[in-house]
Every structure is written in C-alpha cells, then in structure tokens.
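What follows is calculated from the coordinates using simple rules that are stated; it is not laboratory data. Every value quoted in this text rests on a predicted model; they were computed, and no experiment measured them. Cβ placement follows ideal geometry from the backbone for every residue including glycine, while neighbour counts extend to all protein chains displayed.
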Amino acid sequence: MDAEHTHTTPGPVPVPLGATITTAGPAAQLGAVRTTGVPRPAGGLRPGPQREPGAVRATGAPTEGGLLDRFNRVATDLRVSVIDKCNLRCTYCMPADGMPWLPQTQLMTADEIRRIVRVAVQSLGAEELRITGGEPLVRKDLEHIIAGIRADNPDLPIALTTNAVGLDRRAQDLKDAGLSRLNVSLDTLHPETFAELTRRPHLDKVLAGLQAARAAGLGPIKINAVLLRGINDTEVVPLVDWAVSNGFEMRFIEDMPLDGDRSWSATNVIAARDIRSAIEEAFTLTADPRGRGAAPAERWEVRRHGETSLAGHVGIISSVTEPFCAACSRTRITADGRIRSCLFSHEETDLLTALRDGADDEGIAQIWRDAMWAKPRAHGSDRVGLARADFVQPERTMSAIGG
C-alpha cells in the first residue's frame, strides 16, 4: 500500500445528532452517503429504505448480503461500545479531567444493543462480537445485555474488553450470562507505574479481577498493554513472563493517536520490531502456524531460551509502524449508536435515530451497508499511515469510540 499521496486529508467533521453530511473523495463520486440514518417520514414510521433495481444502490453499496466496502473487505468482526464512561484515566486514552460524558438518553439501551447485534449477526453476517467501552463494567446491566445477546445468538463468540476493576465480583455472573472470553488492559505490574499511567491506584483490583475470571472459566484471557517510552517500555520481558506463567496471552499495542490530551507523537511510539527484539532477549518467537487472517494482532509462539516446550503466545498490534488495514474486517458501533467504519474515521452514521424512528431490520441493515461501503482505505482516509504529516486525529478519543 502506497503511503505517499499529494492531496490533503480532510479535517475532522463533527456529527451532531440530527445532522447530515456526505463523504468526500471516491465515495462521494458514487453518491452521497447518509450519516444520520433513515430520514423521518412525514406520514409516520418507515419500514426501511426502498430497494432499487438490482443489487447495488446509487452509492455503489450492495442491497443484500454482508458489509462489503469499496476495497473488497467484508466486515464480520463486530465491536459494540456499551458506555463511554471509564473508572480509570489512562494517559493514552483520556485527559486527566473534564471529559464530557454522553447523557443517559443518548446511550443505547439493553434492548437496542440486543437488536443491533441481532441485525448484524442474522442479516449482515457478523461472526463474532466484542463488547467495549469506556469501561463496560461501569454498566450495571451488562450481564442482562450479554444474556439477551446470547439468547438470540447461541453460537456467537462474545468477548469483553475491560480494565477488570470490579470484575472479581462479576466474573461468574458474566460467564453464566454467556460471555466467552476476555481482553484485559494491563500496562504494568508495578503499582506506582500503574497509578502514573491510569491516574488511579487500582492494580490490586485488576489482578483480583483476573483471578476471578480464570476461576469462572472465562478464556482465553488476553492481556493488552500499550507501551509508552520512558514509562513502561522496560517491562516487555517481565510482562510476557508473568502472562505465560499464568496462562494468559500477552498482547502489546503500539500507542495510537486517540488520546484525550492530543499529545501523541510518532517519535514516542515503541515500534513492533523493537517489541519483538525485546521479547527475544528472553524468549524464542516462532510465527503462529495458524496464520493471522484478519486479526489485528500478529501472533507468535513463545518458548523460553533452551526449551522446546511451548510457554504460550504473544501478539503485537502494530497499527502505526506495520499497518494491517488491507485485511481489516471490523465494524464498530459507539455507545450512542453510531457506526464507525474505521477506528480513525472522521465520519459516523447514526443508526440509533433510525432504530428509534421505527426502521425495520432491513432498513437498519441497509444503513449499515451504506456506511461500510464508504469505509476509508486506512486510518480514516484513503491514504495510509498514522505518521503522515497530513494525518488528522479523530475528534473522539478511544474511550468515546470503543476499541
């Protein structure tokens, strides 16, 4: 993929509730893409968009089947944020204070989340679900949400991305509700560094949550760590050693420009190649024979030096230095019910208003197809590279987007 282009990246486009915008560039040439869902008809509720002759709309989007985009990628990996609030304040995600939270009326209800997931799975071919936030455990009805989704989709893999604060009290109930597996954010094993990174002294609560999750039989459990230069970048080997010794899979994530302080710099990113080199000081890495497919993490088998037995696995998500956008299979719904076709998008599609206005399942599905058809090539535009001089950070931070 060519990362160098001469035209500029469009700036962030705020999308207030009820507004309508269209995309720029190639998608616009195919026809305007609604970003607010189905218009409210004058004569009452609308069952959904009328099918046009054939299987392609004026935008170029298909009118049946799954979530295809202009680059022949199909989204089957669904990420749904259930809340934007979080009980930590990680420096790479949120500002220390002053974060505006969504009003309760704008958050999707449990029934709305359940319906949106049902449409994604049964009408659009979603094959797996990850529940994200903010911090999903902040929602008191999380078990109810998962139980409803599980009732509709008995075989759907349901994962949860969490910081595990409070998980010790809820792990078994989440498992009983139908949760399959966990990703737990943990950047350090040192209490002082944890407090510096998260601005909260809760390392003990995270470790207690992990113990409870393992006891409840949730698995696999993956540990997600963002490495920050000068803060926790010396903990690569200790984190891998601790994770594989406890039966967890360690995953390192390159720091991405989604922070609330807008202080991200490409020069501070710990690159995937450097992470691999650090791991190899104590372990032998072998490429996972199962291959990567569309997974965001490149995965490796881990063996201790001098040993032939498998110690565990490690994954590296290299969004900055080794982007994998060409194989992206993800589609995201924010906590206020907006479709984000790309993590770094400057545009969103308001699905929740259409749902509340009475759109039927096919109407919801078609709005989603239209939105995903306009998915950018990479990193929020049709150019590739988070370190480009013309890259513009999205307005929303990671906590407001959902991972």
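Things to note:
- In terms of the mean number of neighbouring beta-carbon atoms within 10 Å, the peptides 281-293, 345-357 order highest first as 345-357, 281-293.
- Karplus-based coupling profile of segment 132-145, in residue order and whole Hz: 10, x, x, 10, x, 5, 5, 7, 6, 9, 4, 4, 5, 4, with θ = phi - 60° in 6.51 cos²θ - 1.76 cosθ + 1.60 and x standing for Gly or Pro.
- Amide H contacts of ALA378 (H built 1.01 Å from N, in plane; Pro and chain starts excluded): ARG383 sit under 5 Å, all sequence-distant by 5 or more or on other chains.
- Ordering of 242-255, 102-115 by packing is 242-255, 102-115, highest average first (other Cβ atoms within 10 Å, averaged per residue).
- Around the amide H of ARG304, modelled in the peptide plane, lie the amide H atoms of THR284, ALA311, all under 5 Å away and 5 or more residues distant in sequence or on another chain.
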